[in-house]
Each structure stands twice: as C-alpha cells, then as structure tokens.
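Input: a single structure, listed below in structure tokens.
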Amino acid sequence: MTDRTEDEILRHDTETLHKFGYAQELSRRMSGFGNFALSFMIIGLFWACCVNVQQGISTAGMFGVSVVFFVGCIIAVATSAALGEISSAIPTAGGLYHWSSALGGRGWGWATAWINLLAYTFSIAGTAVATYLLFNQMLLGWVLHIDTSGWGYWQQVLGVSIIIGSQALLNHVGVRTLARLGEFGAYLTFVGAVLLVAIMLYNIHPANISHIIMYTNNTGDAGGGQVPHTNNPVLVFGYALLLPLWIITSYDASAHTSEETKDATRAVPRAMLNSVLLSSVMGLVILTVIGLAMADQPAVAKQAGNAFATLFGQITAPTIVKDFISVAMVLASYICGACGLTGYSRAIFAFARDKGLPSFLRHVSHKFRTPAPAIWLAAVVSVGATLYSSAFAALTAGTALFYQLSYAMAIGAALLSSKRTYGPFRLGVWSKPLAIISIAGAVFIIWVGLQPPTQILESYFIGIVGLLLVGWFAIERRRFPGPPLGDLAIKARMHEIELEEVAIGEVAAAGE
C-alpha cells in the first residue's frame, strides 16, 4: 500500500463523514498523537493514582493496588479495544450515542447519550474539585507555604468556577490549542511519574516486597472507614476494583473528537487502546512502588483519604523534586479536566446535531471551528454539579458506573447487531471475547457501586432509569429522529451538508 498524502487522508476523512450524513464543520487538525494525548490526559493516571490510592490500599491492602488493579486494567483494555473497533467503522463525534443508535436502535442510542452525558458531567465536575483541592493543599500549602485553613465553601465555588471557565476558554479557541496542551501534559505526566517512581524506590522498604500481592481485609476501621466493614471477599475485591475503573475511563473522548482527527478510522482506535495500555502499565508501576515505600502499611491504610499525603510527607527526597511533583500533579489534573471538557462538548454537539438537544447547541464557531455553545453549556452544567455537595459526593463516586454502563450499552449493541460493519481496525477472533469481558466487568462494577457507602446511587439509578423510560415513551419516541441511517436518510442530507460546509468556509469542490 502506497503512502497517502495529507490532502488525500483529509479528503477521505471528509468523504467518510459525508457517508454518515454529516458535514465537515469541525476543524480536522488533530494528529494521531494529539488524539492519544487527549485520552491519556483525560485518564489522568499520574495524579489520579496518587489521590485515589486509598481505594485499593484501604480496602484490600497491597493486593488491591497490585493484583486487583491488574484485573481492572484487563477490563479497561478489553473495553477500549472493543470501543476502538466500533469507532473505526463509525468515526463520528457522536461516539457511543451514534454507535448505539446505528447498532441498537434510536431508543437505545438516545438512552446511551444521556447516560454518557451524565458520566461526563460528574467526571468534569469531580476533576475540577480535585484540581482545586490539589492546588490548595500541594501548591499553596506545601510549595508556597500559604495558610488556606480559613478557606471554605465559597472559595471552592470561586476556584472551581475559574478552573472550569478557563478550561472552556481553551476549548473555545480551537482543537489545535487543546491538542498541544494535551501533548505537553503527556510529557509532563511522564516526567512527573518518573520522578515519583524514583523517590519512592529510594524510600523502598525491602521487607514489603514479600507482601506485594498479600491480601489484607482493610474494610471498616482498618482502612479509616474508606468503605464499611465486610467479610465478603468478593465485595472487598469489588471495592478495590473501583480504583482502576475510576481512573482508567473517559477515553471515549478520542471517539468524540473523530471529526477533528486526521485518518480517524485508524488513529482514533489506536489512540484509545494505546492510552489505556500505557496508563495500565504506568498505574501498576506507580501504585506498586507507593506500596513498597510505606514504612507502616497498616498505619497508612488507616489514613484513608489522606493516605498519599501522609506517605508523601514522610518520604525522604530533595525539596525541589517534591515541589516539582506537586506542581506537575496540579497541572496534570487541570489538563485532564480541559481535555475531558473537549469530549463532553463534542458529545453535546453531536446529540444536538441529531435533535436530541436544542438546535443552538450544534452551532460551530466560524472563527475557531469549535462547538462554542456546547462547550460553554458543558462548563456551566459542570460547575452547577459541584454546588449541591451531598448529591455531588455520591454521583462523583458513581462516575465510573455511568461510564461503564454507557460503554457496555454500545458494546452490547455491536455484539448483538446483525447490521454491524467494520473499519480498518479489526480485532478478529478476539472481538467477541473482549466484548464479553468488557460487559461482564461493567455489570460487576455497577453492582459494587450500588453497595455501601454509595448505596444512595441505587435510588439515583432507579430514578434515572425511570426518567429515561418516561422521557422516551412519552415524548422522545415520536420526536427524536436519531442520526441519519440508511441510504435514503443520508441522501436527503446531502444538500444540507453542502450548505453547512459553505457556511463554515470549507466547500468540497465537485469532482475532486
């Protein structure tokens, strides 16, 4: 096969998009590496492992951050591979929603869209709060030695609003800016992770090596109340499994930026899979060395949410190295949120384009070629989600559950569909086994997430399912057309596509 020029690749991308009934409105400037960096930064492996290590160590001990994390990585890799195979065949900004609609029907796609949007809402909101807390504790407190003990709710509201507002501004001015930011973040994450691993290895306690896969039931008081006490080893395993499946998620943003990525049918699935593979390897290394550096593992486990802060304060390392790691963690979490907002806004844009949301949300800025109204709505909704703290805490804990459910819905639709087609990224004989692993993992983690201490999610889940059923059968079944499917529907869109591309300034000359 001869190498294609960039113009040929872009022309093929546009023609492929036209076949699905959509115009090339968004700017296709993102490289394959830029798409990979976007997903890698959204996963946020470096900082997220540190601030969430207690979910493993304070539930199942070293077993939780080694063996259980590895199992979670297998589920995440299977899921990303299965989603990648679908994205290669349907490379549109609709992502999960479009795939579920094309392979499972309008109603299935409509429900997938809402569940995916809900996951994004609390993911972006939770990341913004984490960024604020990291900035407050690590940058202002540890690095600059500024006392913020008097800060409270309103300072957090202001800080979170500034964080999300600035992330929305970066998204507004163009995907190239975000791609470069993501690439910078990927390098920063790598350097920060290497330094973190280095200082943890310097502080390693050799006696811990023999306990690297040892199971310890740290539920209840032994884990600082991170989760309620239980003697059920399956549930303890599930609690620890929340750690990798909280962290290694949101990589579907690669698919939501398909219409902005060059050679999307190949680049997007590779970006999703590679970002998850790299995050899995790095996560295992980081969490293992964190465990090995603990002088007193039971004491650290009992710190629960302060586990990493306690350990980081105890280890021996040059101040400048600790300060760099602290700054890198804050910046990485910020970039994580900015990249997540990219995926969220494209999901809103695509759903609005097919009349699932008000039509003004599908408007694209002619200057920046970005879905500006969708970006700012995503920002406002995300800030709003942080204001009601009691509901926010539970729903943030359920973010992974909403993501896993939406992933399973899309993968399940593809697994059972008789209308499925394939792109250049193929899993071959591994396609069905990986899909089954992904769905089974999602079902298990949803069950775990409905157990104490987040059992309130059961009420939310029932409420959400009820609202979706009522909304679909009472209103949307008659109103919502879904994405254009079939030759007639797509042919009817051709004139509209031409008008949209004329308006955006990207007219494809006939006969080229």
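Just checking, does region 289-300 include any residue being of a type in the set (D, E, K, R) and free of Cβ contacts under 8 Å to residues at least 60 places away in the same chain? Before the answer, list the steps.
So in region 289-300, the residues of a type in the set (D, E, K, R) come out as 296.
Of the ones still in play, those that are also free of Cβ contacts under 8 Å to residues at least 60 places away in the same chain are 296.
Taking every residue of region 289-300 in turn, at least one turns out to be of a type in the set (D, E, K, R) and free of Cβ contacts under 8 Å to residues at least 60 places away in the same chain.
Can you tell which of 72, 84, 107 is among the small types (Gly, Ala, Ser), surrounded by fewer than 22 Cβ atoms within 10 Å (Cβ to Cβ) and at pLDDT 95 or above? Even if it seems obvious, please write down each step before you answer.
On the way: 72 fails: surrounded by fewer than 22 Cβ atoms within 10 Å (Cβ to Cβ); 84 fails: surrounded by fewer than 22 Cβ atoms within 10 Å (Cβ to Cβ).
None of the other options fit; the residue is 107.
Among the residues of region 221-236, which ones are assigned to a helix (DSSP H, G or I) and exposed (fewer than 14 other Cβ atoms within 10 Å of the Cβ)? Walk me through it before giving the result.
Here is the first cut: in region 221-236, the residues assigned to a helix (DSSP H, G or I) are 221-223, 233-236.
Answer for region 221-236, where residues must be assigned to a helix (DSSP H, G or I) and exposed (fewer than 14 other Cβ atoms within 10 Å of the Cβ): 221, 233, 234.
What are the residues in region 240-268 that are over 17 Å from residue 336 (Cβ atoms) and buried (at least 24 other Cβ atoms within 10 Å of the Cβ), if any?
240, 241, 242, 255, 258, 259, 260, 261, 264, 267, 268
Would you check which residues across region 6-63 are of a type in the set (A, V, I, L, M) and under 30 Å from residue 503 (Cα atoms) and list them?
Matches in region 6-63: 9, 10, 17, 23, 26, 30, 38.
Looking at residue 295 and the list (1) touching an Asp or Glu at 6+ places or on another chain (Cβ under 9 Å); (2) of a type in the set (Gly, Ala, Ser); (3) in a loop (DSSP other than H, G, I, E, B), which single condition is not satisfied?
So residue 295 meets the others, but not (1).
Exactly one condition in (1) of a type outside the set (Asp, Glu); (2) in a helix (DSSP H, G or I); (3) over 20 Å from the mean Cα position of the chain (by Cα) is not met by residue 187; state its number.
The failed condition is (3).
Has region 196-212 got at least one residue that is surrounded by 15 or more Cβ atoms within 10 Å (Cβ to Cβ), of a type outside the set (Val, Ile, Thr), outside any helix (DSSP H, G or I) and within 29 Å of the chain's Cα centre (by Cα)?
Taking every residue of region 196-212 in turn, none turns out to be surrounded by 15 or more Cβ atoms within 10 Å (Cβ to Cβ), of a type outside the set (Val, Ile, Thr), outside any helix (DSSP H, G or I) and within 29 Å of the chain's Cα centre (by Cα).
Residues that are of a type outside the set (D, E, K, R) and either closer than 21 Å to residue 343 by Cβ or without any contact (Cβ under 8 Å) to a residue 12 or more places away in the chain (or both): list the helices (runs of 4 or more DSSP H) wholly contained in region 31-93 that include at least 3 such residues. Talk me through it step by step, then tell me what you get.
On the way: elements: 32-43, 45-52, 54-60, 62-65, 67-89.
Of the helices (runs of 4 or more DSSP H) lying wholly inside region 31-93, those with at least 3 residues that are of a type outside the set (D, E, K, R) and either closer than 21 Å to residue 343 by Cβ or without any contact (Cβ under 8 Å) to a residue 12 or more places away in the chain (or both) span 32-43, 45-52, 67-89.
Considering only residues that are modelled with pLDDT of 90 or more and aliphatic (A, V, I, L, M), which ones fall in region 465-504?
Hits for region 465-504 are 465, 467, 468, 469, 470, 474, 475.
Mind checking which residues of region 94-104 are part of a helix (DSSP H, G or I), buried (at least 24 other Cβ atoms within 10 Å of the Cβ) and not polar (S, T, N, Q)? Before you say what the answer is, go through the steps one by one.
Step one: list which residues in region 94-104 are part of a helix (DSSP H, G or I), which gives 96-104.
Restricting the remaining residues to those that are buried (at least 24 other Cβ atoms within 10 Å of the Cβ) gives 96-103.
Of everything in region 94-104, those that are part of a helix (DSSP H, G or I), buried (at least 24 other Cβ atoms within 10 Å of the Cβ) and not polar (S, T, N, Q) turn out to be 96, 97, 98, 99, 102, 103.
Kindly check whether there is at least one residue in region 432-453 that is over 22 Å from the mean Cα position of the chain (by Cα) and modelled with pLDDT of 95 or more. So that I can check it myself, show each step before the final result.
Applying the first criterion (over 22 Å from the mean Cα position of the chain (by Cα)) to region 432-453 yields 432-433, 451-453.
Of the ones still in play, those that are also modelled with pLDDT of 95 or more are 432-433.
Among the residues of region 432-453, at least one is over 22 Å from the mean Cα position of the chain (by Cα) and modelled with pLDDT of 95 or more, which makes the answer yes.
Here's the yes/no breakdown for (1) assigned to a helix (DSSP H, G or I); (2) surrounded by fewer than 17 Cβ atoms within 10 Å (Cβ to Cβ):
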position	(1), (2)
373	yes, no
380	yes, yes
384	yes, yes
403	yes, no
424	no, yes
438	yes, no
446	yes, no
454	no, no
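Would you pick out the residues in region 294-308 that are over 13 Å from residue 59 (Cα atoms) and crowded, with 17+ Cβ neighbours inside 10 Å?
294, 308
Spot the failing condition for residue 249; the list is (1) touching a residue at least 60 places away in the same chain (Cβ under 8 Å); (2) in a loop (DSSP other than H, G, I, E, B); (3) more than 23 Å from residue 35 (Cβ to Cβ), and only one is missed.
Here residue 249 meets the rest and fails (3).
Would you please name the residue that is farthest from residue 96 (Cα to Cα), looking only at residues in region 116-152 that are assigned to a helix (DSSP H, G or I) and among the small types (Gly, Ala, Ser)?
Step by step, filter region 116-152, then rank; the result is 141.
Looking at (1) crowded, with 24+ Cβ neighbours inside 10 Å; (2) modelled with pLDDT of 95 or more; (3) closer than 26 Å to residue 290 by Cα, which one does residue 189 not meet, given that it meets all the others?
Among (1) crowded, with 24+ Cβ neighbours inside 10 Å; (2) modelled with pLDDT of 95 or more; (3) closer than 26 Å to residue 290 by Cα, the lone unmet condition for residue 189 is (2).
The values are calculated or read from the model by the stated rules, or taken from the named source; none is laboratory data. Predicted, not measured: the structure shown is a model, and the values here were computed from it. For neighbour counting, all protein chains shown are included, and Cβ atoms are generated from backbone atoms with ideal geometry for every residue, glycine included.
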